[in-house]
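K.L.:
Sharing a structure here in structure tokens format.
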Amino acid sequence: MIRFVRDFVQRLLGDLFQTKKHVKLGIYGPPNAGKTTLANRICKDWLGEKMGSVSKIPHETRNIQIKERINIKHKDNELTFNLVDTPGIATKIDYEDFMKYKISSKAAKQRAKEATKGVIEAIKWLDDMDVVMVVLDSTQNPFSQVNITIIGNLAARDIPVLIVGNKIDLKKSNIKKIENAFPQYDVVGISAEKGENLEEFYESLFKVIKGK
Amino acid sequence: MLTLQFVPYAEVEHLESEDRIEKLLNIVKDRKIVLMQGRLQPEEETLLIQHTMLQITKSFSGIEICTIFPEERDLQFFNKMRKGMVKMLVGNRDGITIIGPASVVKEIKRDPKRMQLFTITPHGSSSSKRSVAKKRRR
């Protein structure tokens with residue numbers, strides 16, 4: 001109800017002052033699902049530049065990153081949006097886990113501290129999103145509570161969702177399992193790193209943004 | 001020793017979200033596993049994550065959480081409406097929520113109607129307990 005009133009007022013003010021508000025497209029998901037890899041793929045495809053650094057160490061993205069006015073064209077359609085890449089949402093962060101990647105204790109503790117702040121920030125930003133892509137690692141079990149919590153919160157806020165099953169280039173990838181876990185949502189399988197199935201991905205993205 | 005603490009819905013239903021979250025977190029920080037009747041609202045689940053992140057220290061690395069609840073998508077329209085009314089009147093008592101400290105619970109797997117809890121069993125000295133942690137199916 002609050003969202004409806006807010007959207008109505010924003011639309012009214014936008015019309016009155018002829019301002020053009022771009023859709024805020026958020027990327028959410030657990031750590032190491034490939035959110036920033038996907039953000040980089042989109043930015044490289046349409047802006048010719050990367051968005052952020054990626055790493056095998058979890059919680060590489062610890063701050064909200066935004067690229068404004070990304071204009072994409074697909075078939076006869078065109079749309080412009082602001083892309084918001086968020087830190088991975090987790091329920092636990094142990095600095096000792098980072099030390100397994102051969103980083104110093106001091107660096108691991110600092111990373112853990114920043115990662116906890118990143119999770120809090122990512123959750124705060126949920127209210128600002130117009131559309132969200134939930135990026136899941138398709139080689140992992142989709143029935144994790146973090147995935148359910150993210151998607152449940154987006155549903156409660158009435159924010160349109162596209163579920164992106166990433167890493168389809170890997171043997172253990174299972175998109176069907178994600179589709180079965182979240183049957184009421186559009187699911188598209190891609191490999192953000194290898195650039196596989198991007199045609200279908202952009203088609204799904206247009207569909208979810210236009211249907212907003 | 002593993003301690004499970006049952007929290008009936010009646011024990012938390014009168015609390016504000018923030019207090020409910022703190023009550024559950026305090027039990028978990030005491031190295032106990034919470035078995036709560038019913039489930040938190042989606043907004044409360046994110047609030048729980050935020051509060052957890054704020055309280056992370058060297059000795060408390062976070063939580064493992066899992067909720068199991070009855071599937072409603074196959075229900076008839078009137079049954080859905082009836083359940084919705086009951087939820088509005090007495091709260092969401094369906095399902096069960098398990099929350100454990102990450103230092104005790106390694107992982108909770110749900111698939112989707114079965115739940116498996118993997119715990120960390122400390123061996124030897126406390127400083128090496130994580131590196132030699134062993135999985136045990138319960």
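A short reminder: the numbers here are calculations on the coordinates, not readings from a lab. Worth saying up front: this structure is predicted, and the values here are computed from it rather than measured. All Cβ positions, glycine included, derive from the backbone under ideal geometry; neighbour counts span all protein chains shown.
K.L.:
Distance cut-off 21 Å, Cα to Cα: go down the list A:LYS124/B:LYS58; A:LYS73/A:LYS207; A:LYS102/B:LYS32; A:LYS24/A:LYS73 and report the pairs above it.
P.N.:
Beyond 21 Å: A:LYS124/B:LYS58; A:LYS102/B:LYS32.
K.L.:
Using a cut-off of 19 Å between alpha-carbon atoms, which aspartates and glutamates can reach A:LYS194, once sequence neighbours fewer than 8 places away in the same chain are excluded?
P.N.:
Result set, ordered by chain and number: A:ASP45, A:GLU49, A:ASP137, A:ASP169, A:GLU203.
K.L.:
Also, quick follow-up: Would you mind calculating the relative contact order of the stretch A:21-210 from Cα pairs under 8 angstrom and at least 6 residues apart, reporting the percent as a whole number?
P.N.:
That works out to 23 percent.
K.L.:
Another question about this same structure. Can you list which of the trypsin sites (Lys or Arg not before Pro) found in the stretch A:87-180 are DSSP loop residues with at most 15 other C-beta atoms within 10 Å?
P.N.:
Sites meeting the loop and neighbour criteria: A:LYS100, A:LYS102, A:ARG157, A:LYS171, A:LYS172.
K.L.:
Can you give the local net charge around A:THR86? Use residues other than it whose beta-carbon is closer than 12 angstrom to its beta-carbon, Lys and Arg +1, Asp and Glu -1.
P.N.:
Here the charged neighbours net out to +1.
K.L.:
Please list, ordered by chain and number, the residues whose modelled amide H lies under 5 Å from the amide H of B:ILE33; skip anything fewer than 5 residues away on the same chain.
P.N.:
Residues meeting the amide H criterion: B:THR3, B:LEU4, B:GLN5.
K.L.:
Let me check I've understood the local charge: for A:HIS59, count other residues with C-beta under 10 angstrom from its C-beta, Lys and Arg +1, Asp and Glu -1. What total comes out?
P.N.:
Counting the neighbours of A:HIS59, the net charge comes to -1.
K.L.:
Mind listing the phi-derived Karplus ³J(HN,Hα) values for the stretch A:52-58, rounded to whole Hz, using 6.51, -1.76 and 1.60 with θ = phi - 60°, and x for any glycine or proline?
P.N.:
Result, rounded to whole Hz: x, 7, 10, 7, 6, 6, x.
K.L.:
Another question about this same structure. What does the charge add up to near B:GLU22, with Lys and Arg as +1, Asp and Glu as -1, over the other residues with Cβ less than 14 Å from its Cβ?
P.N.:
Value of the local net charge: -3.
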